[in-house]
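*Asks:* Quick one: this structure, given as structure tokens, is what I'll be asking you about.
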Amino acid sequence: MSGDVQAARAGRTRSHALRVRRMLSVLALLAATAACGAGASTDTGSPTAAPADGPKVLRILAGSEIKDLEPLLKRAEDAAGVRVVLSYAGTLDGADRVASGGADGKYDATWFSSNRYLSLIDGATARLSTQTKIMVSPVLLGLKASKARELGWDGKPVTWNDIAAAASARKFTFGMTSPAASNSGFSALVGVTAALSDAGEAVDKPQIEAATPKLKQFFSAQTLTAGSSGWLADAYAKQGTVDGLVNYESVLLGLNASGRLAEPLTLIYPGDGVVTADYPLTLLSSATPDKKELYGKLAAWLRGPEVQREIMTTTYRRPIVPEVRPDRRFGSASLVELPFPNRRSAADELIGVYLNQVRRPSRTLFVLDTSGSMEGDRIDALKQALTALSGADTSVSGSFSRFRDRETVTMIPFNSAPGTPQTFTLPERDPGPTLQRIRSYGEALEARGGTAIFDSLRAGYEQARSSAGSGDFTSIVLMTDGDNTDGSSYEDFASYYRSLPVKFRTFVVIFGDSNVNEMGKIAQLTGGATFDARSGALAAAFKEIRGYQ
Amino acid sequence: MKRWIGVGLALLLGGAVVVALVVGNRGGGTKPRELTLVRGVIGSEKKPFFDDQRVRAVFAGHGLRVEVDTAGSRQIASSVDLKKYGFAFPSSAPAAEKIKRDQGAGRTFAPFSSPMAIATFKPIVDVLAKAGVVRDSGQGYQVLDMRKYLDLVAKGTRWDKLPGNTAYPARKRVLLTTTDVRTSNSAAMYLSIAGYVANGDDVVTSTAQGAKVAQAVAPLFLDQGYSETSTEAPFEDYLSLGMGKTPMLMVYEAQYASRLFAGDGSIRPDMRLLYPSPTVLSKHTLVPLSPQGAEVGRLLQEDPELGRLAALYGFRTASAKAFDDLVAKVKAPLPASVIDVVEPPDYDRLEGMITAIDRLYRSGAAPSSTP
């Protein structure tokens, strides 16, 4: 057991820049040492691998939001007789798998920050058995203390309308996760829309339409995006130009307590309401009676007053059992809960409107390895990944990962030298023909020659610099399957990067025989992240990166 | 240790407890008594009762070990495979009536009931009283006038538009929170109440009435947005998160009463229980599917100790005494009896209305606030 814990810890340290990995990676808390092998890193999973099972093991498909409960859950074996094995997935990706039955038999339970979206998918509720809420955390705006004071929001009632007005006047900027990838972003989007639509009931198409102009104003101030709440908080802590964050109260309080912020965040509790995550630990209908019993034990243990108090003190989430009252840190504001859509069509419409009309457009550069070693399955996987992003992936998460209306996509294939950049600009509506052109472009890629990673990455940055529009989200994706064989070195690139007046993040896909160390260094240098596609599908890694673009 | 903290979770202890009891009962070296296993499928709100070790002890005293699975009442009546069960124990009379008919059961037992009620807060009661929606029943408790409430909803009234409302100026619609009417019995009971009023103060008895009424009352459910599938979840929100999240919640009186009787402090001083006028009784009705199942029904109805325990869980039983004693003991603000109770429609009519509302969910039609 201790060996396992160590392996996990070593993995985590090493993964500082690699924090965002394949979301499907299996993190074995207590049980899976044997399966992983000594010294294995934590990203051993593939989308199809089932986590290790055992008589006392409860296999939980979870949102990465609950990662901070790992230390607590480790104790569940001694305290409750349940060995918790967690596997992580993004909210919509997880919803996809549960609704399609893909989680049945591989997992016994799920634990996402909310089941609301999942419940809207046809047939999904039949796959869920008992749901037990464990804790709650509202999604709020946290703003640098000085900025909050400047805006006069310090200790004064503020509404989403006030916030939208200030955002529209560019009086502050903020970061938020992608609503298509993460529950905090989705909850915020629902809340802001409900508040701005002025309707008072659950939002539906007409309300979304009515609120769209105001939503555009509000989100014009969003200058940082991410695929996960944890990464967003990290990215925020490392910089100084963004003024605030839309995130769970727990993440905001946690950041304040972490000592990592130059200036603490003032939490703004909008008077017109919030959307609250309630973290339902949910038994799958497919679970066997033994697992059902383990589930009951774990749920009971987690809801005991002592554990509830510990969750509150260590993770800043509010307790769900009435016996334990939230302490002073949570303030005394009565939080009005805004209605959540009760139809899939409304939820999807909202995400679609956000991605394609409301948010600032993205400019995305793909620096793609087409060297000789990519020949065969690898180049096919790359083509498939590009096809999926061009609208061929019709799953819930896939349909929100496609190249978006108003997005500028540049492809820079490379081998012994960078190839000619090819740029595609998606129009404001009717993206079909452009998507088709991207697909054809991808289909025509051929594998040959050497691997000039750093010359090509540099070409990507040059291209980004020459074309970046102000206000766009610009990022670079680097995908390579091997070592650098031609041209400049990592060190050359690093000194080039440091000299740049405007920085862009690089999201690195580790594939085939990638040099993991060097790839990690690129991600760390540029404030990006690595996505490991060595054991999973390349398309899944590309899809996950979309949350950060 | 507060006795009730673990109530909802007592299931864990179940297995261990039975063993202990059997061993404990064996007395002077005689062999432990062999218990007959009876399986039941029940509405989830009764699970804590069946998992209570004292309840299990009474059954064990009669040679029975009762194990239960939970399912929504509508599910029990329509989709649950009843072959492996000795009894079905849904939370409403209409569902029980359907099961009885389908299974050809000879009789049913209705050992306990609970009126539908509204868990809310004092500031909300005051605001609604000012708006004329809440009034005194003259029987020592306050009621929510359903007719006036439906009028308020029909106008799309928002909390911040209610005259003189400084206590809860939320910019959201005045709507009772309920569970999902497609899965949960408490919401179906609410539908019965609203349907009665919308049908001109009469029980819905025809398909044509049902179709019209469903259309009229659908916004009560659709306009709420997302609603939960089980009654315990929103009640928990009510208790823990308070007025901001759940200003008014449709509950079984038993949920609120059991917390009061437990004296665990979860019912705080500003919390109030109203009764809709009219209301309906959730009549927990056991349909025996085997002779042992019938014995469970008989014991629930006749055994005084089981009646006393059921009252602890907030249920009203055949003999009012158990409930009344508890009310007196903790000085609970609960009426001895609730008047203005109407009957729910029969199963087919109720099912027809739920199906019609389900169609509106699916059609994606924008909720209309004008019934």
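*Asks:* Could you compute the net charge surrounding A:N161? Neighbours are other residues with a C-beta less than 10 Å from the C-beta of A:N161; K and R count +1, D and E count -1. The partial results should precede the final answer.
*Replies:* Details: positive: A:K214, B:R171; negative: A:D162, A:D198, A:D272.
That sum, taken over residues with Cβ under 10 Å, equals -1.
*Asks:* Find, among the trypsin sites (Lys or Arg not before Pro) in segment B:240-338, those assigned to loop by DSSP (not H, G, I, E, B) with at most 16 other beta-carbon atoms within 10 angstrom.
*Replies:* Values: sites: B:K245, B:R259, B:R272, B:K283, B:R298, B:R308, B:R316, B:K321, B:K329, B:K331; in loops: B:K245, B:K331.
In loop regions of segment B:240-338 (DSSP not H, G, I, E or B), the sparsely surrounded trypsin sites (Lys or Arg not before Pro) are B:K331.
*Asks:* Right, here's the next one. Enumerate the amide H contacts of A:R83 below 5 Å, restricted to partners 5 or more residues apart or on another chain; note that Pro and chain-start residues carry no placed amide H.
*Replies:* Residues meeting the criterion, in which the H sits 1.01 Å from N, are A:V57, A:L58.
*Asks:* Next question. Please list, ordered by chain and number, the residues whose modelled amide H lies under 5 Å from the amide H of B:L286; skip anything fewer than 5 residues away on the same chain.
*Replies:* Close amide H contacts, sequence-distant or interchain: B:F109, B:A110.
*Asks:* Another question, if that's okay. Sort A:278-286, B:208-216 for me by packing, meaning the mean count of neighbouring Cβ atoms within 10 Å per residue, highest on top.
*Replies:* Numbers: A:278-286: 21.9, B:208-216: 18.9.
So the order, starting with the most tightly packed, is A:278-286, B:208-216.
*Asks:* Per the Kirkwood treatment, what hydrodynamic radius in Å, one decimal, follows for chain B from the mean inverse distance over all distinct Cα pairs? Don't jump to the answer; show the numbers that get you there.
*Replies:* Working: mean 1/r = 0.0468 Å⁻¹.
Averaging 1/r across every pair of different Cα atoms and inverting gives 21.4 Å.
*Asks:* Further question: Rank these by accessible area, largest first, 1.4 Å probe: A:S137, A:S345.
*Replies:* Numbers: A:S137 0, A:S345 65 Å².
I get A:S345, A:S137, largest accessible area first.
*Asks:* Average partner chain C-beta neighbours within 10 Å, per residue of A:328-336? Before the final figure, lay out each step's value.
*Replies:* Values: counts 0, 0, 0, 0, 0, 1, 10, 5, 10.
What the average comes to for A:328-336 is 3.
*Asks:* Sticking with this one: What accessible area, in Å² to the nearest ten, does a 1.4 Å probe give for B:M250?
*Replies:* Answer for B:M250: close to 10 Å² accessible.
*Asks:* Using only the alpha-carbon atoms, how far is helix B:93-103 inclined from the longest principal axis of chain B? Give it as 0 to 90 degrees, nearest 10.
*Replies:* 50 degrees
*Asks:* Moving on to the next point. Relative contact order for segment A:361-548 using alpha-carbon pairs under 8 Å, separation at least 6, rounded to a whole percent?
*Replies:* Numbers: 374 pairs, mean separation 48.4, N = 188.
Taking the mean separation of contacting Cα pairs over the length of segment A:361-548, I get 26 percent.
*Asks:* Would you mind finding the longest exposed-site-free stretch of chain A, with exposed GluC sites (Glu not before Pro) meaning DSSP loop and at most 14 other Cβ atoms within 10 Å? The partial results should precede the final answer.
*Replies:* Numbers: sites that count: A:E375, A:E428, A:E446.
Of all site-free stretches, the longest is A:1-374.
*Asks:* Still on this model: Restricting things to alpha carbons, tell me how big segment A:397-549 is in terms of Rg and Dmax, in Å.
*Replies:* Every Cα atom of segment A:397-549 included, Rg and Dmax give 15.2, 43 Å.
*Asks:* To the nearest 20 debye, what is the magnitude of the charge dipole of segment A:441-545 about its Cα centre, counting +1 on the Cβ of each Lys and Arg and -1 on the Cβ of each Asp and Glu?
*Replies:* For this selection, approximately 420 debye.
*Asks:* Across peptide A:194-200, what mean number of C-beta atoms from other chains lies inside 10 Å of a residue's C-beta? Each step should come with its number before you reach the end.
*Replies:* Values: counts 3, 2, 0, 0, 2, 8, 14.
Other-chain Cβ atoms within 10 Å of each residue's Cβ, averaged: 4.
*Asks:* At a threshold of 8 angstrom on Cα-Cα distance, excluding pairs fewer than six apart, so keeping six or more, what relative contact order does segment A:135-234 reach in percent? The partial results should precede the final answer.
*Replies:* Working: 104 pairs, mean separation 33.7, N = 100.
That works out to 34 percent.
*Asks:* In addition: With an 8 Å Cα cut-off and a minimum separation of 6 or more residues, compute the relative contact order for chain B in percent.
*Replies:* Relative contact order comes out at 25 percent.
*Asks:* Write down the radius of gyration of chain A and its Dmax, each obtained from C-alpha positions, in Å.
*Replies:* Radius of gyration, then largest Cα-Cα span, for chain A: 22.8, 67 Å.
*Asks:* Summarise the accessible area of segment A:77-231 (1.4 Å probe, protein heavy atoms) by the percent that is carbon and sulfur. Intermediate results must be reported in sequence, preceding the final value.
*Replies:* Working: 1990 of 4280 Å².
With neighbouring chains kept in place, the figure for segment A:77-231 is 46 percent.
*Asks:* Using Cα centres only, tell me the gap between segment A:211-238 and segment A:302-323 in whole Å.
*Replies:* 29 Å
*Asks:* To continue, here is another question. As a test, work out the antiparallel percent of DSSP beta bridges whose residues both lie in segment A:361-548, rounded to the nearest 5. Could the numbers behind the result be given before it?
*Replies:* Numbers: 5 of 29 bridges.
About 15 percent, rounded to the nearest 5.
*Asks:* Mind checking the mean number of beta-carbon atoms from other chains within 10 Å of the Cβ atoms in B:236-248?
*Replies:* Details: counts 8, 6, 1, 4, 14, 11, 3, 3, 10, 11, 1, 2, 0.
If you average over the peptide's residues, the count of other-chain Cβ atoms is 6.
*Asks:* Residues of segment B:202-227 losing 30 Å² or more of accessible area relative to the isolated chain, 1.4 Å probe, heavy atoms only?
*Replies:* Buried by 30 Å² or more upon assembly, which counts only protein chains, are B:D223, B:G225, B:Y226.
*Asks:* Rounded to the nearest 0.05, what FRET efficiency do A:E150 and A:T423 have when you use their Cβ-Cβ distance and R0 = 56 Å? Kindly include the intermediate steps, with their values, before the conclusion.
*Replies:* Numbers: r = 40 Å, r/R0 = 0.71.
The computed FRET efficiency comes out at 0.90.
The values are calculated or read from the model by the stated rules, or taken from the named source; none is laboratory data. Since this is a predicted model, take the numbers as computed values, not measurements. Neighbour counts are summed over all protein chains in view; Cβ atoms, including those assigned to glycine, are modelled from backbone coordinates with ideal geometry. Just so you know, the surface numbers come from the protein's heavy atoms only, side chains and all, with ligands and any DNA or RNA stripped out. Shrake-Rupley method; radii C 1.70, N 1.55, O 1.52, S 1.80 Å.
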